[in-house]
1. Which residue out of A:48, A:30 is in contact with a strand residue (DSSP E or B) (Cβ under 9 Å, 6 or more places away or on another chain) and assigned to a helix (DSSP H, G or I)?
2. Step by step: first the residues of region B:134-158, then only those that are under 30 Å from residue B:49 (Cβ atoms) and touching a residue at least 24 places away in the same chain (Cβ under 8 Å), then the one that is nearest to the chain's Cα centre (by Cα). Which residue is that?
3. In this structure, is residue A:59 within 20 Å of residue B:54 (Cα to Cα) and either of a type outside the set (Asp, Glu) or touching a residue at least 40 places away in the same chain (Cβ under 8 Å) (or both)?
4. Within region B:92-109, track down each residue that is outside any helix (DSSP H, G or I) and without any contact (Cβ under 8 Å) to a residue 12 or more places away in the chain.
5. Going residue by residue through region B:119-134, is there one that turns out to be among the aliphatic types (A, V, I, L, M), modelled with pLDDT under 95 and surrounded by fewer than 21 Cβ atoms within 10 Å (Cβ to Cβ)?
6. Give me the pairs: first residue in region B:186-197 and under 21 Å from residue B:22 (Cβ atoms), second residue of a type in the set (A, V, I, L, M), beta-carbon distance under 6 Å, and six or more apart or on different chains, which are they?
7. Does residue B:53 qualify as being facing another protein chain (nearest Cβ under 9 Å), part of a helix (DSSP H, G or I) and modelled with pLDDT of 90 or more?
8. Residue by residue through region B:63-91, note down the ones that are free of Cβ contacts under 8 Å to residues at least 24 places away in the same chain and more than 9 Å from chain A (Cβ to nearest Cβ).
Amino acid sequence: MFWPRIFQSLHASVPELYTDELLGLNEQTRPYGVALTEQEIAMIMVARDQVLQSYGRVELGIDVTKEMVEQFASSAYVEQESYAETLMALHEIFYNLKNETEDRINDYQLIHMMKSLYEEECAGSIDLLQSRLEAYAEQCRVEAMTNDNDLEGDDAAWHLKR
Amino acid sequence: MNEYRGWIAERKVRRSRLTRHQYTIGLLQEGRHAGLLTSEETMRIQQGLMLILQELILRYTQGESTSVTTETAEDIMLSVLYATDAYLFGLGQPEQAIDCLKRMSIRDIYTQGVETVSQCFADTKQLYEDVSQTMVQVPIDAYRLTIDESLPVFLRKYGMIFHAHNTMASIDYPLAQDDMKLQGVFYMKQYLERLQLENTFCNQFDLQAILELLSHYGRMCRFDYRMELFNLFQLILNQSVFSTLCGGAPTELRISVAQYERLARRLASLSEDEIRTAITSALTIIQQELKLDHQLIPYMDGCKEELVQRVKHAAEYNSLDHVIVMERQSAASSRVISFDKADVMSSAQLRRLLDQIHSCASTEEKVKLMLQKVHSIHDYLDLLESNCLYGDEYEALFRAFGEMELAILAKVVFYEELRNESLVSFISAGSEEDRSEWQRHFVRFLRDKDQDALRSMDRCVNELDYEQLSFN
């Protein structure tokens, strides 16, 4: 259809702008020993677009990417050699979680939760982070289903909660 | 090069490529094709649309998320374009709209569009009030539910920012002339304008005469008119045309058997052109004698050709009695079946009875208990659907029913089938597949009856009037 093409064309039309914004963040992240090159930023943007497309999502702007850079640059487990790859993997986990939780958790809460798990329970392991968050998504779905069932079965509650 | 430029300049906007739906997109494409918009201008407009979308996504997620699913983004984008379409289409000529796209920012066009949609929504609300007040007091479910329930749901839920293009209502009642190319509130406004025209026309007729017409119409079609989807305006208009052709007054809806026979003979002798001329003359008489709104006349004329074709075909196949509604003697008058709401059991009573039936030791006991306790067709249907009987017990129950009870059960259960064929032919050819267990037993039970018994029951079925089998 027409729209996926239009949405893609938007991303394609502003890469320089995104690159400048992300390069600008290097000033903040250098004290932690990490920075992104133009090439790495281009790779991250391509990977992000692929992830968005494969998860059937649209994001106009790079607020999520910027927040991830700001949060994860300070991690003790992020190193310059694997910095760009880590960010790419984090994008995949993030958008998967947005879908799996049916957008019930907001962007910033999710990124902060990812950072906290990555730092503490997962000790910098992306695989472990992914499995922890999958468990969390499952828990969210069960809770949502329970809430839906409660609402269906209880007219009074339904009216109150609406 | 100059030649090429000249060729570009001569290109025109191809109006055939522009539709009301997605007008803005069409203008962008045609503007580029005709050389009226440059690629930079098109890009600026597209980026402007994306910025609006970006802002709306944030509003949609209440600032919680900067991404949404593709479906949501598409839906919001369609809503944005619905607003820009509304403004640009309102400008009239496509060239003027393209000029506007060049000169105005797409954001301003969008803002004006939202204003246009908002005004249309306000007009639609007012129209609904008018329609609601002029509603014809007839017990046609689709008509009443559409006006009383579906339209208010639309007015309550319509979202002109995120879902402007959605027609979020189940509008079942069919108009005589509908234009499904429109969407959202513009469709609804048009639907209400037309419904209002139809109401105005129908209100020129005596309500009692309309109710009688409906009753005869239901018998003619062998259906319960209250549950069917048909257009009241068209039924009344056609009948008024036939009445006029019979020499009666346009407001007269009753056509006797003798009048019908004379008219049928006359129509059968006419060619298609002559039928068209006769119907046109009748419509002119109706339009002159009834004080009709000037918008109603073209609307009525728009229904003419369909009527001409129906009459032509019916005359050819000798089936005008399926087009002209004549007064049919209510044979059912000798078969008045009354159902009293008080006879219907409550859920608790029904559950108790089910327990009692299950604890009965013999088939005879079960049947006796059901005959004693159940006095309503509703409860019989509930019990049969609850599978409280097994195997031969069904036959024992059906054997205990009289001819009229069996006819009522058949009329209710085989409603669709008996509209088109007799009970005799349905039972001999009807399939048992896709039927519940008790219905399969019922079909087998009827199949075992002799032809005379079935024909007699068929007469009872025909004499029964759906209006008396009320499920209210």
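1. Criteria check complete, one pass: A:48.
2. B:154
3. It is false that residue A:59 is within 20 Å of residue B:54 (Cα to Cα) and either of a type outside the set (Asp, Glu) or touching a residue at least 40 places away in the same chain (Cβ under 8 Å) (or both).
4. Once the filter is applied, which keeps residues that are outside any helix (DSSP H, G or I) and without any contact (Cβ under 8 Å) to a residue 12 or more places away in the chain, region B:92-109 yields B:92, B:93, B:104.
5. Within region B:119-134, none of the residues are among the aliphatic types (A, V, I, L, M), modelled with pLDDT under 95 and surrounded by fewer than 21 Cβ atoms within 10 Å (Cβ to Cβ).
6. Cβ pairs passing all conditions: B:190/B:182.
7. Here the answer is yes, as residue B:53 does meet what is asked.
8. Result: B:91, single match.
The values are calculated or read from the model by the stated rules, or taken from the named source; none is laboratory data. In this text the structure is predicted, and so the values were computed from the model without any measurement. Virtual Cβ from ideal backbone geometry, glycine too; neighbours counted across all protein chains shown.
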